[in-house]
Amino acid sequence: METSGLTDRKMANKRFLKTEQAIFMAYYKLRDRPTAKKISEYANISRTTLYRHHKKVQKIPYDYEDFLVKAFTKAIKNFLKQDDIRLNLLFLRILLFIKSNDKVINELFKDGRKDIIKRMLDALKPTIV
């Protein structure tokens, strides 16, 4: 999958982040029929800027999903490196519970993409197995 290249470094840049937030809000405001022109107008940016951030308008939610999965995986791996074994076990049990209970996932993400938590947990498999 071709991604936009959203990275921690880019997202730490205030100007980049402000533009991303505008793009994100515009995309979801125009969810029914988002186009580059409409998103650019709503986000108050040029289409060139939009395409610097995202290669294709249709891929915007997937770009965010990929970024979230990578950020989540990195954060959890850092968390699991801590020495408190009881805390680690408790956290792993919570993750396994969420993964094995689709009803919980459905409640957490009624309106959104339900597979993102599963993708996050699948990315952690080598760490938690």
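The values are calculated or read from the model by the stated rules, or taken from the named source; none is laboratory data. Small disclaimer: the values here were computed from a predicted structure and weren't measured. Cβ sites come from the backbone with ideal geometry, for glycine too, and all protein chains shown count toward neighbours. Accessible surface areas use protein heavy atoms only, side chains included; no ligands, DNA or RNA. Shrake-Rupley method; radii C 1.70, N 1.55, O 1.52, S 1.80 Å.
Going by the conditions given, is residue 76 among the aliphatic types (A, V, I, L, M), at pLDDT below 85 and open to solvent by 100 Å² or more (accessible area, probe 1.4 Å)? When the stated conditions are applied, residue 76 does not pass them. Of 11, 25, all but one fail to be out of contact with any strand residue (DSSP E or B) (no Cβ under 9 Å at 6 or more places or on another chain), under 27 Å from residue 122 (Cβ atoms) and exposed (fewer than 15 other Cβ atoms within 10 Å of the Cβ); the exception is 11. Report yes if residue 86 is in a helix (DSSP H, G or I) and open to solvent by 30 Å² or more (accessible area, probe 1.4 Å), otherwise no. Yes: the conditions hold for residue 86. For segment 89-124, filtered to residues that are surrounded by fewer than 10 Cβ atoms within 10 Å (Cβ to Cβ) and part of a loop (DSSP other than H, G, I, E, B), the residue that is modelled with the lowest pLDDT is 111. Residues in segment 5-51 that are more than 18 Å from residue 66 (Cα to Cα) and in contact with a Lys or Arg (Cβ under 8 Å, 6 or more places away or on another chain): 26, 30, 36, 37, 40, 42, 47.
If I filter segment 32-57 down to residues being in contact (Cβ under 8 Å) with a residue 24 or more places away in the chain and within 27 Å of residue 119 (Cβ to Cβ), which single residue comes out as surrounded by the most Cβ atoms within 10 Å (Cβ to Cβ)? Going through the qualifying residues, I end up with 54. Listed by first and then second residue, the pairs with beta-carbon distance under 7 Å, at least 6 apart or on different chains, first residue in segment 6-30 and farther than 15 Å from residue 54 by Cα, second open to solvent by less than 80 Å² (accessible area, probe 1.4 Å), are 8/71; 30/39. Restricting the search to helices (runs of 4 or more DSSP H) fully inside segment 1-77 and requiring at least 3 residues that are in contact with a Phe, Trp or Tyr (Cβ under 8 Å, 6 or more places away or on another chain) gives 14-29.
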